[in-house]
Amino acid sequence: MDQILQENERILWRGNPKQGILVRDLDILAIPMSIMLFGFSVILDFAILHFKASYAFLSLAFLLNVMFLYLGVFRFILNARRRRNQEYAITNKRIIVSQKTNKNVAFKTLPFRNIEGLDLTLEKDGFGFITFGNINPVLPWLFGGYVLNGDKLYGLDLVLDAQHVFDLINAQSSIEIEEPLVPLVKLKPSQYN
């Protein structure tokens, strides 16, 4: 994380999301329901194969199998794996999230001046979700993160002592940043076209 820090930028807080496989309150309903629906889709597979239905129905049943298996089992494993390779940092200028993949490290950053809204959701154990802007709070629970977000940073998942981190972000976002994080480039009039 230190290699992407810019001049006059210092880390104020650094942390990782909660580790391991997590089962939340809503999972008490979601896990049995997805197992029942997976059983239904398996029975549907056998019925489609027995009655020699079209491949469209067979592919639909297969997609249902995959979806319900993901909701009941794989969601927890993939979410734990993603969080194991993730690190958060708050500097005096921005929020940084690093995600390690096989051989690379990807960084997402969010300057404080770009935070449109700040929201905190606390769990019973002190961990919490800090979201930036308007985002559906079910997305991190269901998909293990903020999906289809490209390079945008929508939040920090399962942060330890989330209230302290939230207060730190809130305090830093109210400070005016003098120099830009990206150097400004002046274009010549001929480059406008």
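Here the accessible area is traced with a 1.4 Å probe on the protein chains. For the range 1-92, carbon and sulfur cover 71 percent of it.
Tell me whether the range 11-144 comes out rounded, prolate or oblate; compute the Cα gyration tensor, take square roots of the eigenvalues as a ≥ b ≥ c, and use a/c under 1.5 as the rounded threshold. Prolate, since a/c reaches 1.5 and a/b exceeds b/c.
A crude spin-label estimate for the pair LEU26 and PHE51, with each label 7 Å from Cα along the Cβ direction, gives 3.4 nm.
Of the cross-linked pairs LYS18/LYS100; LYS18/LYS124; LYS93/LYS124, those separated by over 23 Å at the C-alpha level are LYS93/LYS124. A straight chain from LEU160 to ARG82 at 0.36 nm per residue would run longer than the Cα-Cα distance by 26.4 nm. Once the C-beta distance of MET1 and ASN134 is scaled by a Förster radius of 45 Å, the resulting FRET efficiency is 0.95 to the nearest 0.05. All C-alpha to C-alpha distances of the range 57-98, sorted into 10 Å bins beginning at zero, yield P(r) values of 24, 28, 23, 16, 8, 1 percent in whole numbers. If the chain linking LEU58 and GLN99 were pulled fully straight, counting 0.36 nm for each residue of separation and taking away their Cα-Cα distance, it would gain 11.1 nm.
Size descriptor for the range 29-103, Kirkwood hydrodynamic radius: 15.2 Å (Cα pairs only, one decimal).
The values are calculated or read from the model by the stated rules, or taken from the named source; none is laboratory data. Note that the structure is predicted; figures quoted are calculated from it, not measured. Counting neighbours? That spans all protein chains shown, and the Cβs are built from the backbone with ideal geometry, glycine included. Just so you know, the surface numbers come from the protein's heavy atoms only, side chains and all, with ligands and any DNA or RNA stripped out. Shrake-Rupley method; radii C 1.70, N 1.55, O 1.52, S 1.80 Å.
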